[in-house]
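The values are calculated or read from the model by the stated rules, or taken from the named source; none is laboratory data. Keep in mind that this is a model prediction, so the values were computed, not measured. Here the Cβ positions follow ideal geometry from the backbone for every residue, glycine too, while neighbour counts run over all protein chains shown. SASA here: full protein model, heavy atoms, side chains in, ligands and nucleic acids out. Shrake-Rupley method; radii C 1.70, N 1.55, O 1.52, S 1.80 Å.
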Amino acid sequence: MAEESGQEINGGFSMDSTESRWVFHEDDEDEDVSDIEEYDADFRLRGRTTVVDSEDEDNLEQKLIRTGPRIDSFDVEALDVPGAPRNDYEDISVGKKIVLAFQTLGVVFGDVGTSPLYTFSVMFRKAPINENEDILGALSLVLYTLILIPLLKYVLVVLWANDNGEGGTFALYSLICRHAKVSLLPNQLASDARISSFRLKVPSPELERSLKIKDRLEGSLTLKKTLLIIVLAGTSMVIANGVVTPAMSVLSSVGGLKVGIDAIKQDEVVMISVACLIVLFSVQKFGTSKVGLAVGPALFIWFCSLAGIGIYNLVKYDRSVLRAFNPIHIYYFFKRNSTKAWYSLGGCLLCATGSEAMFADLCYFSVRSVQLTFIFLVLPCLILGYLGQAAYLMENHADAGQVFYSCVPSGAFWPTFLIANIAALIASRAMTTATFSCIKQSTALGCFPRLKIIHTSRKFMGQIYIPVLNWFLLAMSLVLVCSISSIDEIGNAYGIAELGVMTTTTVLLTVVMLLIWQIHIIIVLCFAVVFLGLELTFFSSVLWSVADGSWIILVFSVIMFLIMYVWNYGSNLKYETEVKQKLSMDLMRELGSNLGTIRAPGIGLLYNELVKGIPAILGHFLTTLPAIHSMIIFVSIKYVPVPVVPQSERFLFRRVCLKSYHIFRCIARYGYKDVRKENHQTFEQMLIESLEKFIRREAQERSLESDRDEDVDSEDEYSSSRVLIAPNGSVYSLGVPLLAGFKDTSNTSVIEASTSEVLSRTTSESSVFDAEQSLERELSFIHKAKESGVVYLLGHGDIRARKDSWFIKKLVINYFYAFLRKNCRRGITTLSVPHSHLMQVSMTYMV
């Protein structure tokens, strides 16, 4: 999908990104219309001038094209370095940096910060303590899991694999798609690859290994599908995490009541947890910025409390637990407990839960702020907290089931209980916001049905809220808490969801290392072997206990995977069918400029997902309606993978057919952070103004091309007569017999040249006058059409499986995909168009 800046494109050459140069462009007579349209990337309405031909004009003449400066407002985004800090966070004051640090605590680290509430409890239920060496072995496992997974893998490596500041599974997939044509997503254009955010580092020609991997990925449909399936599976696990994290965090924190109040039973703990979950998801709509700022100081107090309680227990009970930094105790732990120690790995993994949230929530904050906060605050406090719990257990083996609350000093129990519950709510929010980010990315890449997305911050555009998903996660969390009230079973489900995402990230990051970062193969192999081996070992432990009740989360993940796969499959099939059935240019020529019907005054905006060719739905309009508008504009709403598209670059235009047809194509581009809140009058005004600019620029380019052709003709005429100017100023024509050289031909030649100049000037002036008149007539036509009214022609193309199709295909297309498409958010929804301005025609494709 990404192209190098010097690559040849349709016969022309893309020049240096900072210079405006003239190049020759030669149209191939056999070139397909769809291929010609790939050149429409250059029809930007600002800072760029390009010769624009109608889609049915084929000729062999060379055209002079001036490529404008490549520097535009897109270039302010991260260009070359993956993970470059975005401009949202540059040049901010010290006070704002402190505020941002508190928000980072509140949004990113809540999940991993609350793991001391339940990690040791789950571990020692699966592998009971027999002697103090078991405590040292379990502590050593936890310490090195914290160092290997959250610190080494995520903080120091994975965070740098972001896609223009976006983190998560789909960010890795998008990053790979930019550097190799492995995307299976529809309606991709060459213009996408020439948006500045795409211009990242591509595999250099010197690295043969990287190019071989790129060629293998691009040439194998099986590998492309496998890559997409891995991404969808990882995304389904992220959504599952958004369900199980609130259940686990809230239930474990509220469970502390059984330590403080003996009369509290498990059923009462469940009811209180349900109430807390409802409050949690209800305040989600206030946004990450507001909620993050409110809970940031609370989480800071929580981490300080972890560290303080840990130091207190180390001093009071047993400082010998510091020996757990020696990994030999892990070996002793497995030697003594064997199978039980292996079971306990599922509990040990819980100390690293929330690692994926750090990456998925990256779009909310910068890489450096997340790294520094984790290394200098979060990790030291977590280590001290686990050391303190282990020190307490050295003398109190019986309290292993509720070790966190049991090791809190009696005078500080209730304040700690309060702050622990607040931290648990924050942890739940961390994974919820990560799920929002993941769904937003998957929707932009065509792998999830469109949902209503609300941007909750004017300053930081990545902070979003998805109402439907929010309430869906709440409902599923309540079901999980009420049906599985055991911390052990929920913890096992938690481990399954977390490991699914971690494994997916490891696989995709390995591809990024080979293809994009081009790291030495030994380093890549070490990374893959160490972390895949570690994660698969943990996975084997949690899957062994899947029958205990954690199978529910697997079923949920499979359902989410099927939803995404069916949507992607149906969308691709629909788009491919529309491409195959688009109207031919020959048919348009036969119909003529009136399109075989009556052209009524007005502008018809025909919405369609097709970005190339003439959509078949137009033919349906022509046969259904008694008349069609005098001007037709095919409008395609397209989301491009850059944060924000400025208004001046919103629309791309191209003329369809001859000028007399008055048919245009418009691609309205929006970034994945753009908020589409303009009303239909504003949208129409911007579109018409952009169209007028396009037509003026087109006329200007044709004028420049005409001047160039005249210059070439003049040179050809001059050279064909083989004129020679002597040193004395005499002009001799060498196109006549040599004997004529004895005659004085200078005056004749000068007179002929002078006459030719006068004729050329007269012809040029006449041509310019005609061009100006033609331009004014077309602009006047647009104004009259606009005054007559604008009507939105919505063509809904549905697909149905053929009668002879397989039963599975009929089930997927006719029922599952049809249900999703019927209930998803349509692209026109955000425009407040009155019903009197709407006209809808449906068309069903048999696939």
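Among A423, A398, which is the only one that is surrounded by 23 or more Cβ atoms within 10 Å (Cβ to Cβ) and modelled with pLDDT under 90?
Selected residue: A423, the only one of A423, A398 that is surrounded by 23 or more Cβ atoms within 10 Å (Cβ to Cβ) and modelled with pLDDT under 90.
In the set E535, E578, E609, E590, which member is open to solvent by less than 10 Å² (accessible area, probe 1.4 Å), acidic (D, E) and closer than 27 Å to I663 by Cβ?
Result: E578 is the single residue among E535, E578, E609, E590 that is open to solvent by less than 10 Å² (accessible area, probe 1.4 Å), acidic (D, E) and closer than 27 Å to I663 by Cβ.
Among the numbered conditions (1) modelled with pLDDT under 85; (2) farther than 18 Å from T114 by Cβ, tell me where I239 comes up short.
Status for I239: all satisfied but (1).
In a loop (DSSP other than H, G, I, E, B) and either under 18 Å from the mean Cα position of the chain (by Cα) or modelled with pLDDT of 80 or more (or both): is that true of L251 in this structure?
No; evaluated as a whole, the condition is false for this residue.
Criterion first (in a helix (DSSP H, G or I), modelled with pLDDT of 85 or more and touching a helix residue (DSSP H, G or I) at 6+ places or on another chain (Cβ under 9 Å)) does F781 satisfy it?
No.
With the condition being open to solvent by 20 Å² or more (accessible area, probe 1.4 Å) and in contact (Cβ under 8 Å) with a residue 40 or more places away in the chain, I'd like the helices (runs of 4 or more DSSP H) fully within region 330-395 carrying at least 2 qualifying residues.
Correct list: 339-348, 367-373, 379-393.
Using the structure shown, decide if D267 is open to solvent by 50 Å² or more (accessible area, probe 1.4 Å) and within 20 Å of F413 (Cα to Cα).
Judged against the criteria, D267 is not a match.
With the condition kept exactly as written, say whether any residue in region 449-471 is open to solvent by less than 20 Å² (accessible area, probe 1.4 Å), of a type in the set (F, W, Y) and not in a helix (DSSP H, G or I).
Yes, region 449-471 contains a residue that is open to solvent by less than 20 Å² (accessible area, probe 1.4 Å), of a type in the set (F, W, Y) and not in a helix (DSSP H, G or I).
Regarding region 476-489, can at least one residue be identified that is closer than 19 Å to L148 by Cβ, in a helix (DSSP H, G or I) and more than 20 Å from the chain's Cα centre (by Cα)?
No.
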